[in-house]
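The values are calculated or read from the model by the stated rules, or taken from the named source; none is laboratory data. Only a predicted model underlies this, so the values are computations on that prediction, with no experimental measurement involved. Cβ placement follows ideal geometry from the backbone for every residue including glycine, while neighbour counts extend to all protein chains displayed.
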Amino acid sequence: MTTICCTETFLRTILRDVQRTNLAFEKENPDVTKVYAELRNLVFSVARRVLHPQAIPDTSRPGALREDEIQALKDAFELNINKLLIDRVNFGENFKVLFKNVQLSDSQAKSVLHQCSEFLMTLSGQLFQRLPKNLPTIKKLRHLTPLMALAKRGSATFDQLPPEFTGMNRYYLCSFIKKKHENNDDFFMILLFFV
């Protein structure tokens with residue numbers, strides 16, 4: 001019973017972060033770059049729990065996912081030398097407090113720690129599988145958000161849009177975006193300027 005309590009405490013902490021990221025993806029008309037920034041934060045949060053700090057790429061540049069960071073992190077997960085020993089893994093503060101206060105045999109304690117550690121490693125693998133294959137395109141999608149299009153500086157021209165969009169019929173692209181932003185005539189007029 002106490003092993004279940006420990007595992008449940010661990011899962012509650014981890015799954016709260018996963019659920020927050022899932023909810024960001026489920027929003028109606030989400031800002032794609034913000035959603036993927038949330039996914040990036042989750043990926044690095046899990047990595048910080050199980051990898052040595054020096055194995056984790058520098059994440060001081062906030063924002064969306066970057067291919068070089070993701071590849072470096074994938075490479076770090078593949079080497080066992082980068083993984084923390086099980087007694088150094090960060091299972092969360094609530095888990096740590098509970099784990100100290102419950103009476104578990106050595107085999108039960110090792111089993112709980114091993115299961116929780118394996119869960120984090122599996123979660124990392126699953127998150128990597130869900131990362132988009134087209135990170136440069138997603139990064140360029142920020143140019144289609146009303147905030148970026150209406151900005152005096154940093155606004156994009158049509159040729160800065162992802163190639164997947166420039167091959168579209170420009171009339172179709174404008175009508176599609178007009179439907180998405182029906183109440184924002186300023187945004188539509190600025191978009192027409194780019195097209």
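A few comments on the model shown:
- Here the condition is being within 28 Å of Ala109 (Cβ to Cβ), modelled with pLDDT under 85, part of a helix (DSSP H, G or I) and not hydrophobic (A, V, I, L, M, F, W, C); of Thr3, Thr33, Thr9, it holds for Thr3 alone.
- Among all residues of the range 69-80, there is at least one that is over 18 Å from the mean Cα position of the chain (by Cα) and either under 16 Å from Arg130 (Cα atoms) or of a type outside the set (A, V, I, L, M, F, W, C) (or both).
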